[in-house]
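The values are calculated or read from the model by the stated rules, or taken from the named source; none is laboratory data. The structure displayed is predicted, hence computed values, not measured ones. Cβ placement follows ideal geometry from the backbone for every residue including glycine, while neighbour counts extend to all protein chains displayed. Keep in mind that these areas ignore ligands, DNA and RNA; they rest on the heavy atoms of the full protein, side chains included. Shrake-Rupley method; radii C 1.70, N 1.55, O 1.52, S 1.80 Å.
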Amino acid sequence: MLLGLGLVLLLILLALGTWQVQRLHWKEGLLQTIDRRTHSAPLPLAEVEKEFASTGDVDYTPVTVSGTFRHSGERHFYATWEGDAGFNVYTPLALDDGRFVLINRGFIPYDLKDPAKRAKGQIPGKVTITGLARNPLPAKPSMMLPDNDVAKNIFYWKDRDTMAASAGLPAGFTLVSIFIDADKAPNPGGLPIGGVTIIDLPNSHLQYAVTWYGLAAALAAVLILRLRRPAKEE
């Protein structure tokens, strides 16, 4: 009975170790893709949209887009930057073709949520933004996150559709599928602070694999000793 349970547990440990090896290869490939993308030249929005339509993934792809900010519709995503609490400002950018794309213009301190307190940064007229394309989230990423407070314009997760729907855009507007995180180009008055994209994907799968395989090896040794014991005692 105990031997049978030990064999089952051994198989589980080996399966967990193998799964972590597979995850390791996946994570290494993902990190290589991100590194290649972030070091590539910016693409026009149309090319990035074409890639997203084909693959569903353009995360961290450099992109350039031109249009006019609709500052009255900026949405505020709760964030921290260099130890300070505040918001990342997501502002609709009106494109020449009549569509809109949400631009993460960067970070503002909590007490400067009111746009009137940073009027210099509300750039009028046609602008060109270079930044990183970001995939939309299909759903709330964690139940631990608070629900978005749309009435107070405070978002705890990037619900692209709700952000746009609450931004006072024209009826029947069309929204580009992706977000764009603006680069570090300074804004008038210093706010928002651009270039706030954090690329920090932990890769601990090798350690996990070693742990599971190590436990499997230890258990295998115990099982071997258990199998040999009756023969020695006879």
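Compute the long axis of helix 205-233 from its Cα atoms, compare it with the longest principal axis of the Cα atoms of the chain, and write down the angle in degrees, 0 to 90, nearest 10.
10
Summarise the accessible area of the range 151-224 (1.4 Å probe, protein heavy atoms) by the percent that is carbon and sulfur.
Exposed carbon and sulfur together represent 64 percent of the surface.
Rounded to the nearest 500, what is the chain's calculated 222 nm mean residue ellipticity when only DSSP H runs of at least 4 contribute -39500 (n - 2.57) each, over all residues?
It lands at -12500 deg cm²/dmol.
Taking Cα extents along the principal axes in Å straight from the coordinates, which label in (i) 57, 42, 39; (ii) 59, 41, 32; (iii) 92, 36, 33 is the correct one?
Only one listed value fits the structure, namely (iii).
Helix 2-38 against the longest principal axis of the chain: what's the angle in degrees, Cα atoms only, rounded to the nearest 10?
So the inclination is approximately 30 degrees.
Can you give me the solvent accessible area of residue 123 with a 1.4 Å probe, rounded to the nearest 10 Å²?
Spelled out: residue 123, probe radius 1.4 Å, area about 40 Å².
Using per-residue counts of other Cβ atoms within 10 Å, averaged over each peptide, order 169-176, 58-65 from highest down.
Put in order of decreasing packing, that is 58-65, 169-176.
How large, in percent, is the carbon and sulfur part of the accessible surface of the range 13-80 at a probe radius of 1.4 Å?
Its accessible area is 57 percent carbon and sulfur atoms.
Relative to the longest principal Cα axis of the chain, at what angle does helix 45-55 sit, 0 to 90 degrees, rounded to 10?
30
Over the range 9-88, calculate the relative contact order: mean separation of alpha carbon pairs under 8 Å at least 6 apart, over the residue count, as a percent.
Answer for the range 9-88 is 20 percent.
Evaluate the distance, in nm, between pseudo-label points positioned 7 Å from the Cα of residue 210 and of residue 50 along their respective Cα→Cβ axes.
Simple spin-label model gives 4.6 nm for this pair.
At a threshold of 8 angstrom on Cα-Cα distance, excluding pairs fewer than six apart, so keeping six or more, what relative contact order does the range 29-187 reach in percent?
Dividing the mean separation by the residue count of the range 29-187 yields 27 percent.
When only Cα pairs under 8 Å and 6 or more residues apart are kept, what is the percent relative contact order across the range 108-223? Numbers along the way, then the final one.
Working: 86 pairs, mean separation 33.5, N = 116.
That works out to 29 percent.
With the other protein chains left in place, how much accessible area per residue, in square angstrom, belongs to the chain at a 1.4 angstrom probe?
Result: 58 Å² of accessible area for each residue.
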